[in-house]
1. List, please: which pairs have Cβ atoms under 8 Å, are six or more places apart or on different chains, and start with a residue in segment 31-44 that is closer than 16 Å to V21 by Cβ and end with one that is at pLDDT below 90 and part of a helix (DSSP H, G or I)?
2. Name the single residue, out of those in segment 61-101 being modelled with pLDDT of 95 or more and among the hydroxyl-bearing types (S, T, Y), that is surrounded by the most Cβ atoms within 10 Å (Cβ to Cβ).
3. Out of all the residues in segment 1-18, which are free of Cβ contacts under 8 Å to residues at least 60 places away in the same chain and crowded, with 17+ Cβ neighbours inside 10 Å?
Amino acid sequence: MNDQYLILAGLWIMYFALHSVFAATSIKNYFYTHLRFTVRSYRIVYTSLASFGLIAILLYASVMKDEYVFTAGKGIKYSGLFLSFWGIIILKASFKQYNLKEFLGLAEETTGGMLHMRGILRKIRHPLYSATILLVVGFTLFIPKTSSFVTLACVLLYLVIGIYLEEKKLIDEFGETYLRYKNEVPMLVPRFWKKK
C-alpha cells in the first residue's frame, strides 16, 4: 500500500482512538475534578478538537494523489447519492432529538442525564452511526477512489468498537432502563416487522 494511504489510515485510527478516549467517563471526570473543567467547557473543547481533526483529515484526503479503484457508472453514482441522501435525512432526524447548543457545549445541559427514547430513537438506538455508514458508503460509491475505501474501512472498523464502548457506557449509566430499551429497539437498522 502506498505511504499516503498508510498515513490516511493512521490519521483515522488516531482520530477515532482520541475520540473514544476523551468520550470515556473516567477521562471526563479527571478533567472535571483535577483540571476544573465544567461539563460545558469540556464539551466545547471536545467538539472543537473533533471538528478540526475531522476537517484536517478530509483536507489531507482531498489533496492526495489518488487513483480510482473502478469507474463508477451512473447507476453506482446514483446509488451513492441515494444512500447519502438517506444518511442526511437520518442525521437531521437524529439531531432533532437533542439540543444542538447543548451538544456543542454552547449551552448548559438541561436534560440532566436523561436517556432519550423519542423520535427516531424509538426506531434505532444509534441513528448517528447509521447516518455515518450511509454517508460514507454513499460517498465511496460516488467517488470510488482508494482514499474513499481506506476511509470506509477505518470508519466501519471504528463503528464496531465505538458502538461496543458506547453501549457499555450507556448500560453503566442507565442500567435496566437501557437494557430494556436495547432489547426493544434495534441498533442500526429499523425493524419493519413487530417483535414477538
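The values are calculated or read from the model by the stated rules, or taken from the named source; none is laboratory data. Just so it is clear, the structure is predicted and the values come from calculations on it, not from any experiment. Reconstructed Cβ throughout: ideal geometry from the backbone, glycine too, with neighbour counts over all protein chains shown.
1. That search, which allows pairs on different chains as well, returns Y32/V39; R43/E102; R43/F103; R43/L104.
2. Among residues in segment 61-101 that are modelled with pLDDT of 95 or more and among the hydroxyl-bearing types (S, T, Y), the one surrounded by the most Cβ atoms within 10 Å (Cβ to Cβ) is S84.
3. L11, Y15
Listed here are the residues, each with its yes/no results for (1) over 18 Å from K169 (Cα atoms); (2) under 16 Å from the mean Cα position of the chain (by Cα).
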site	(1), (2)
L6	yes, no
G10	yes, no
L18	no, yes
I27	no, no
Y30	no, no
